[in-house]
């Protein structure tokens, strides 16, 4: 080898060796942060091994050495120095063995929220002190206090007293977050323990879910549950309002009040800002525990109303003032809409005004105004048909009305009048099927209710005592008495019978009067032809009641009369008989009346004849219309009658006779025991029959009665369609809205289900959260459809109090439905004065293998648990290096090889 | 400065002993090498020169000794592990790393966002100043601290090593609150948020920072993504054997992306494809598909979105749902004969009704049924299954009767109770009714002037309902409400909910119903098994992966639940390059001021190393000895 090559080799070999070492280190270490060498030996900073590459360079300097030592000793010195460098490199690479140890780090989580009393806080302080005293060795103790947020409290050095625990974030308890913070406080290589000192009432977070995470982290969570709070406390847990209150309708406001011990308090209900007008302040002796207090209230305006219940009282034994009031909000739908179809529109103002006063929107239409399709009807919550004759309502309109009630759940009331029910020609119609009463058995339309034939004896004897004149007067009065559509005929008879007034509508009063006046006396008495004539006249007529009144003062042949009368009865013609004077054949007349299904009257004084006729006529007419003062009887006490004072209602002056159907519900009856108010359900809706009228004919005394408006308003409200939110707009249905409170968030879910139970998908639903304090600035939250017909969204409540919720559902841009609801969070849940939730704490302890009420020593009990940790070996390496340094120096300072 | 390692006494002793050794070695005169020279005179001059420099030579030896003693002192000091006291100048840094589903997105090079986030976090850790302390928080559905506050960057780096993105949405609020709690009261608190910014902007606005210096490090690039945002099965109300399935797919595109994107939407039932539909979605377009009138029981439904060009995020291309079995409820009617009840029970085809006379009733028989209807009959022992008591009286009744009311009217009703769904009891006629005494947990379903006459009791495993009156002495059976009420009661017993079988969302803890078990075993899609205790008939569980979970009670049959991401915020892969909180743009994090680490020994060793090398050179060049 040439000297040049030798020199080159001398320079290159240390570099090559350094590169080789670096290569080997790279091969072992690569990009790893930690390298396991062998067994439990690891290098925690393996890249420091690259420093070992300096060792060959140390050796490489040897040829340049001027040191005056033997070559062998020089090499030894260089080797020792290289070893020293390698040692330093190794120490920097942080060799460590994985060891096991049982150091416990215990984090005390102490609830300092407001639900913890001062006494309980002192107990907690004692627990912390005990834990400090029980800590020994390397064990670590940390203290976290928490309310709504946790906070690390630095513990003073041992031997120094612990300062009193301070409250913070006191309006809530988030045990979940406190435990999360604890995780950050465990140094690596310690056994993690946590002790929850709390009442377990979490207002935020989800401790149960966090417990699973704690178990994964092997944090054992022990607990000490605070004993039941003993502070005097009185609070309003909540205010409950009906789900759907109607405008103007009274409802209950219920407050749930909790008191820790009996005491007398004043509870005040505020409607919006003002004391509730019906019942405001209440002095209540609260019992210990839960109390329920109710108020009656009502809302006169559509929209939202808030109700606040406040506790006050002198010497109130109370700890927290924040929970002494609670608030709830009520969404009141707009006014119900009623379609009022009145047969006599000029008389419609009585009821429509009364209903309007009771906050019901009324649209009055004439008798022909009933819409012909259900969709148009669906705009109304109720249809009231009053005194409308059937002739104005076509089959299509009736079908629409039926569909409206049966399928759309609409309400239908038929109120009486001479053109209602049977007398309005409704017999046999769809309306009769719809209503809870039967009108009668006759089945023809456009029939008069009564056809009356007066058969008057004009024989010579009738002239005496002015009998004929009186009879004529009676006939005239009868004609007056009858309704205009009733038929009247007047026959006179002697040996033969002649019609004086052909059977005609009683409306032609003048003509009838004139014709009656023309009757002259003369001749004998033969009843048979007279009855036959009356029979012949009445038989072809279709009237509900066909009646003959026979007046005579003499005797006549019996021949054929009985058979004729029987035949007449067979044809539904009844006969009454009136005998005037002592010569009248009572036997014959009684027989006629009895067989004829009528009544027999006998009078000696002919001046009674008009009265008899009148009475007889009204008697006959009564089967359809009753026109006399009748009282009202309550058959069944139902909700709608509450507060109407129906017992004190004045009499009505008439009604239409109907018969109740078997499944119907009779609510009111006349003093004659006939139905006045009856109802039943038809499909989804309700149909009601009110047999008297609503206006100034029969109900004239009711119009002055203060209960008139209330009665009708209640009847309308209880009958009308009961889909909440329906009215007040021309839109369709309303969907159920449910709110799930998870402070500070509220989750809103709406089920869009159509009337036929189909899910409505693809709606564009937006939630409006209205803060009553700033109603103009609603927060809008779009709802997402998470399943067919299910729309959900979440909003957060930035303020304590009540919120009003409205969801508008749009389909292709048009609003198709609306949902409304309210949610209230009157004050932080912290102030609910709930008993400790030991079950939750117990559950967390059981998930995480924790203990209930551990002793101070148990807080640092590692159990069977051991934790691996890295025992760093670099100090040992450095000790070795220190010794090596000495050896290194010795190798230079002593001549080892004799020269 | 404190010493965390060997005690001062030991180090002092060691220094004394080893130092004495060093001094002794230097005091020792190195024995001269004997060299024979041919002519001594020549050397004498040399030796004289040497003697004239003796002072220098002595100094040189002292210098060498001092150098060696310094090396020794430094080593021993390093062994003492000296540490700087915590400095108020350092920062306290909370590194919050988004590990939500959107972090599974990969870019065109196949690099996942989570990897980028971890790299960014590593860079942050490496950039920590010596006085800085830091902790790591993984922001998933539940914020999870990965380390405590530490100066040890190794620990922080180690914690980053195993970090993976979950399938769940991020709980920004929870993570921020936790970070704030951990930073509270610490010097110079800094919160570094690392992620793609796919969070609810409303949440960001509400963040309360309390003096915390918030920094934001965005990762990833904005991508186009197709996702299933809703998938749920719903049982029809009217026909409980049929279902309607809703699938909602949406395309999320960053600004500037145009043109449709093709994909196919598959609906699979138990693995079999039952429907495939080709779709073309415009940027931002959302489509909804409804599959009405599906039937089937206990089957797995899966919706799969297959984009023509593979998606950057796959976890939201699958959604899972189940058609749970609709079991027929076995009902035993114990009655001397009541056509009303029998009629009402006939109405629901999902009931399997048997009748027996009171004499034929034994607890053993009762056990074979899911529910009992006890008409005027009170068994000696409260049955082990749910039961509807009609007019229960006597001391054996689980419902205590306080007295009677004649002709009660229902004045209060718990409208929200499942029993009262579609039921109105207004103007019900009853001849007489028992007034019940409520026990804790009882619900007065219907009351007459605050006296409960229909009561529901939920005992978790068993539910009881009592009607306080004889049906034959009321007009209830004649009302539409009656069969509905009976069926509602039985539905309530069966635990049938609103027919909505929404899959669980990973955003919230789940409450799994488990009426009859003390513990549930949940097997997640990765086949990891978690045991969850049951309280009040429900177990709380937190899912982190989408797919089917098997839930079983010990010894019981497993049932399935499905979990979906269904989060538009996660599927929207637009990276928020700039975060604005409270009207201010959040700045990017800066590395810490360069400073020394609190542990000093390694610096000392580096000094030793350098000194050693220098000394080696000078020694060999005879500058030192």
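Annotations for the structure displayed:
- Criterion (within 11 Å of chain A (Cβ to nearest Cβ), more than 24 Å from the chain's Cα centre (by Cα) and assigned to a loop (DSSP other than H, G, I, E, B)) met by exactly one of B:612, B:544, B:624: B:624
- Among the residues of region A:154-181, those that are within 9 Å of chain B (Cβ to nearest Cβ) and surrounded by 20 or more Cβ atoms within 10 Å (Cβ to Cβ) comprise A:174, A:176, A:177, A:178, A:180, A:181.
- Annotation: of all residues in region A:850-879 being more than 10 Å from every other protein chain (Cβ to nearest Cβ) and part of a helix (DSSP H, G or I), the one that is nearest to residue B:25 (Cα to Cα) is A:860.
- Region B:494-535, residues that are modelled with pLDDT of 85 or more, crowded, with 17+ Cβ neighbours inside 10 Å and outside any strand (DSSP E or B): B:524, B:525
- Among all residues of region B:172-193, there is none that is facing chain A (nearest Cβ under 9 Å), in contact (Cβ under 8 Å) with a residue 60 or more places away in the chain and more than 30 Å from residue A:184 (Cβ to Cβ).
- The set of residues in region A:182-211 that are in contact with a strand residue (DSSP E or B) (Cβ under 8 Å, 6 or more places away or on another chain), crowded, with 24+ Cβ neighbours inside 10 Å and assigned to a helix (DSSP H, G or I) comprises A:182, A:183, A:208, A:211.
- Counting residues in region A:203-210 that are more than 13 Å from every other protein chain (Cβ to nearest Cβ) and within 28 Å of the chain's Cα centre (by Cα) gives one or more.
- Pair list, Cβ < 9 Å and 6+ apart or interchain, from region B:496-515 residues that are within 25 Å of residue B:386 (Cα to Cα) and more than 9 Å from chain A (Cβ to nearest Cβ) to residues that are modelled with pLDDT of 80 or more and assigned to a loop (DSSP other than H, G, I, E, B): B:514/B:553; B:515/B:462
Results for (1) modelled with pLDDT under 85; (2) more than 11 Å from chain B (Cβ to nearest Cβ); (3) under 25 Å from residue A:871 (Cβ atoms); (4) buried (at least 18 other Cβ atoms within 10 Å of the Cβ), shown as yes or no for each residue.
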{"site": "A:35", "(1), (2), (3), (4)": "yes, yes, yes, yes"}
{"site": "A:50", "(1), (2), (3), (4)": "no, yes, yes, no"}
{"site": "A:69", "(1), (2), (3), (4)": "yes, no, no, yes"}
{"site": "A:74", "(1), (2), (3), (4)": "no, no, no, yes"}
{"site": "A:87", "(1), (2), (3), (4)": "no, no, yes, yes"}
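- Filtered residues of region A:377-401 (kept if more than 28 Å from residue A:697 (Cβ to Cβ) and in contact with a strand residue (DSSP E or B) (Cβ under 9 Å, 6 or more places away or on another chain)): A:379
- Qualifying strands (runs of 3 or more DSSP E) (wholly inside region B:314-381; at least 2 residues being within 30 Å of residue B:246 (Cβ to Cβ)): B:318-323
- Residue in region B:73-80 that is assigned to a loop (DSSP other than H, G, I, E, B), over 28 Å from residue A:70 (Cβ atoms), modelled with pLDDT of 85 or more and within 13 Å of another protein chain (Cβ to nearest Cβ) present: yes
Matching residues to (1) more than 60 Å from the chain's Cα centre (by Cα); (2) over 20 Å from residue A:485 (Cβ atoms); (3) surrounded by fewer than 24 Cβ atoms within 10 Å (Cβ to Cβ):
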site: A:532; (1), (2), (3): yes, yes, yes
site: A:543; (1), (2), (3): no, no, yes
site: A:549; (1), (2), (3): yes, no, no
site: A:561; (1), (2), (3): yes, yes, yes
site: A:570; (1), (2), (3): yes, yes, yes
site: A:574; (1), (2), (3): no, no, yes
site: A:579; (1), (2), (3): yes, yes, no
site: A:583; (1), (2), (3): yes, yes, yes
site: A:591; (1), (2), (3): yes, yes, yes
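- Hits in region A:1-41 (condition: in contact with a strand residue (DSSP E or B) (Cβ under 9 Å, 6 or more places away or on another chain) and either in a helix (DSSP H, G or I) or under 24 Å from residue B:608 (Cα atoms) (or both)): A:28, A:29
- Residue A:385 being surrounded by 15 or more Cβ atoms within 10 Å (Cβ to Cβ) and over 30 Å from residue A:114 (Cβ atoms): yes
- Long-range neighbours under 6 Å by Cβ, at least six apart or interchain, first residue under 28 Å from residue A:889 (Cβ atoms) within region B:25-54, second at pLDDT below 70: B:33/A:899
Listed here are the residues, each with its yes/no results for (1) closer than 12 Å to residue B:434 by Cβ; (2) part of a loop (DSSP other than H, G, I, E, B); (3) within 14 Å of chain A (Cβ to nearest Cβ); (4) in contact with a strand residue (DSSP E or B) (Cβ under 6 Å, 6 or more places away or on another chain).
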position: B:453; (1), (2), (3), (4): yes, no, no, yes
position: B:456; (1), (2), (3), (4): no, no, no, yes
position: B:464; (1), (2), (3), (4): no, no, no, yes
position: B:469; (1), (2), (3), (4): yes, yes, no, yes
position: B:472; (1), (2), (3), (4): no, no, no, no
position: B:477; (1), (2), (3), (4): no, no, yes, no
position: B:484; (1), (2), (3), (4): no, no, yes, no
position: B:488; (1), (2), (3), (4): no, no, no, no
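- The combined condition, being within 14 Å of chain A (Cβ to nearest Cβ), more than 24 Å from residue B:603 (Cβ to Cβ), in a helix (DSSP H, G or I) and modelled with pLDDT under 85, is fulfilled by residue B:57.
- Any hit, region B:551-559, residues being modelled with pLDDT of 85 or more, more than 12 Å from chain A (Cβ to nearest Cβ), in a strand (DSSP E or B) and surrounded by fewer than 19 Cβ atoms within 10 Å (Cβ to Cβ): yes
- Test: residue in region A:120-140 that is modelled with pLDDT of 90 or more, part of a strand (DSSP E or B) and either touching a strand residue (DSSP E or B) at 6+ places or on another chain (Cβ under 8 Å) or buried (at least 17 other Cβ atoms within 10 Å of the Cβ) (or both): yes
- Top-ranked residue of region A:388-413 - restricted to ones that are closer than 21 Å to residue A:336 by Cβ and at pLDDT below 85, ranked as surrounded by the most Cβ atoms within 10 Å (Cβ to Cβ): A:409
- Only one of the listed residues (B:196, B:210, B:205) is within 12 Å of another protein chain (Cβ to nearest Cβ), in contact (Cβ under 8 Å) with a residue 40 or more places away in the chain and either closer than 24 Å to residue B:585 by Cα or surrounded by 23 or more Cβ atoms within 10 Å (Cβ to Cβ) (or both). That residue is B:205.
- Considering region A:586-698, the qualifying strands (runs of 3 or more DSSP E), each wholly inside and each with 3 or more residues that are at pLDDT below 85, run over A:597-603.
- Selection within region B:134-171: residues that are within 17 Å of residue B:213 (Cα to Cα) and surrounded by 24 or more Cβ atoms within 10 Å (Cβ to Cβ). The member of this set that is nearest to the other protein chains (Cβ to nearest Cβ) is B:135.
The values are calculated or read from the model by the stated rules, or taken from the named source; none is laboratory data. In this text, all values refer to a predicted model and were calculated from it rather than measured experimentally. Cβ: placed from backbone, ideal geometry, glycine included. Neighbour counts: every protein chain shown.
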